[in-house]
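Chemist: Have a look at this one before I ask anything.
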Amino acid sequence: MIDKYSLAFIPDTLVVEKVKEMKMQLAAVIGWFPSKNALAHITVGEFEIATSAMDSITTQLTQIATTIQPVEVTLDAFGTYPNGAFFLSPTAISKASLQPIMKTFQKRLQVPAMYKSSDPHLSIGRKLDANQIAIANSLWELETLTFKCESIALRKLDPVKKQFEIIATFPFLGETTPEVIQTSLF
């Protein structure tokens, strides 16, 4: 069986709750919208793979995460994409910290045809029209949110709920990979 998976950074409980509250406020004004019920996250990538390959995937994710150093993330701006996404944007420093981590997972995780996110952001709403984006922009005063990114979550798409649900989390341990020491036989 082939399932759809997502890799994402999940912020701390405070940020998750704040984003959930924002989504509820937006829904109260514009009604339902895509990603309304999604847990706050920063997407790293998405892929489809056979269930039988999941042991290999979790082993790879553990090995990659072990070498990653946790980073502080500050979200301090709203942003939009032409596809109707409205999101919280990390500072330039936070983006510069997150992007190499994203690339490491995207490059080292051996899965076929991964969708790779290159611009870290935390979506509030997706597929919004121009009017809905204008409403979203007017709803909140800009507030700086921070969290420590210290793990990556593996999420599986629930085909009934049409939402990704976390099935495993891999902590960033900041360990250096042991160097191979060449010794002489003579």
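The values are calculated or read from the model by the stated rules, or taken from the named source; none is laboratory data. Note that this is a predicted model, so its numbers are computed, not measured. Reconstructed Cβ throughout: ideal geometry from the backbone, glycine too, with neighbour counts over all protein chains shown. Side chains are part of the model used for accessible areas, which takes the heavy atoms of the whole protein and leaves out ligands, DNA and RNA. Shrake-Rupley method; radii C 1.70, N 1.55, O 1.52, S 1.80 Å.
Chemist: Phe186: in contact with a Ser or Thr (Cβ under 9 Å, 6 or more places away or on another chain) and either modelled with pLDDT of 95 or more or surrounded by fewer than 11 Cβ atoms within 10 Å (Cβ to Cβ) (or both), yes or no? Quick ask: steps written out before the conclusion?
Modeler: Values: in contact with a Ser or Thr (Cβ under 9 Å, 6 or more places away or on another chain): no; either modelled with pLDDT of 95 or more or surrounded by fewer than 11 Cβ atoms within 10 Å (Cβ to Cβ) (or both): yes.
Here the answer is no, as Phe186 does not meet what is asked.
Chemist: Related question: May I ask you to list the residues in region 139-162 that are part of a strand (DSSP E or B) and either small (Gly, Ala, Ser) or surrounded by fewer than 15 Cβ atoms within 10 Å (Cβ to Cβ) (or both)? Talk me through it step by step, then tell me what you get.
Modeler: Within region 139-162, the first condition is being part of a strand (DSSP E or B), and the residues that meet it are 145-149, 151-158.
Within region 139-162, Lys148, Ser151, Ala153, Asp158 meet the criteria.
Chemist: Among the residues of region 129-138 satisfying the criterion of being touching a Leu at 6+ places or on another chain (Cβ under 9 Å) and open to solvent by 10 Å² or more (accessible area, probe 1.4 Å), which is farthest from Lys36 (Cα to Cα)?
Modeler: To start, the set of residues in region 129-138 that are touching a Leu at 6+ places or on another chain (Cβ under 9 Å) comprises 132, 135-136.
If we keep only those that are open to solvent by 10 Å² or more (accessible area, probe 1.4 Å) as well, we get 132, 135.
Numbers: Gln132: 13, Ile135: 15 Å.
Per the criteria, the residue is Ile135.
Chemist: Filter region 37-49 down to residues that are assigned to a loop (DSSP other than H, G, I, E, B) and buried (at least 17 other Cβ atoms within 10 Å of the Cβ), then give me how many there are.
Modeler: The total comes to 4.
Chemist: Tally the residues that are aromatic (Phe, Trp, Tyr), open to solvent by 20 Å² or more (accessible area, probe 1.4 Å) and in contact (Cβ under 8 Å) with a residue 24 or more places away in the chain, restricting the search to region 15-36.
Modeler: Start the filter on region 15-36 by keeping residues that are aromatic (Phe, Trp, Tyr), which leaves 32-33.
From the residues that got through so far, the ones that are open to solvent by 20 Å² or more (accessible area, probe 1.4 Å) too are 32.
From what's left, in contact (Cβ under 8 Å) with a residue 24 or more places away in the chain: none.
Number satisfying all stated conditions: 0.
Chemist: Within the set of pairs 6+ apart or on separate chains, which have a first residue in region 115-143 that is without any contact (Cβ under 8 Å) to a residue 60 or more places away in the chain, a second that is β-branched (Val, Ile, Thr), and C-beta atoms under 9 Å apart?
Modeler: Asn131/Ile30; Ile133/Thr80; Asn137/Thr80
Chemist: Keeping to region 57-98, report how many residues are in a helix (DSSP H, G or I) and open to solvent by less than 60 Å² (accessible area, probe 1.4 Å). Break it down into steps so the answer makes sense when it comes.
Modeler: Restricting attention to region 57-98, the residues satisfying the condition of being in a helix (DSSP H, G or I) are 57-66, 92-98.
Retained after the next criterion (residues that are open to solvent by less than 60 Å² (accessible area, probe 1.4 Å)): 57-58, 60-61, 64-66, 94-95, 97-98.
Result for region 57-98: 11.
Chemist: Tell me, which residue of region 106-125 that is open to solvent by 30 Å² or more (accessible area, probe 1.4 Å) and in contact with a strand residue (DSSP E or B) (Cβ under 8 Å, 6 or more places away or on another chain) is nearest to Ala92 (Cα to Cα)?
Modeler: Taking region 106-125 and keeping what is open to solvent by 30 Å² or more (accessible area, probe 1.4 Å), we get 107-108, 110, 112-113, 115-116, 118-119, 121.
From what is left, the residues that are in contact with a strand residue (DSSP E or B) (Cβ under 8 Å, 6 or more places away or on another chain) are 112-113, 115-116, 121.
Details: Pro112: 30, Ala113: 28, Tyr115: 23, Lys116: 19, His121: 11 Å.
Step by step, filter region 106-125, then rank; the result is His121.
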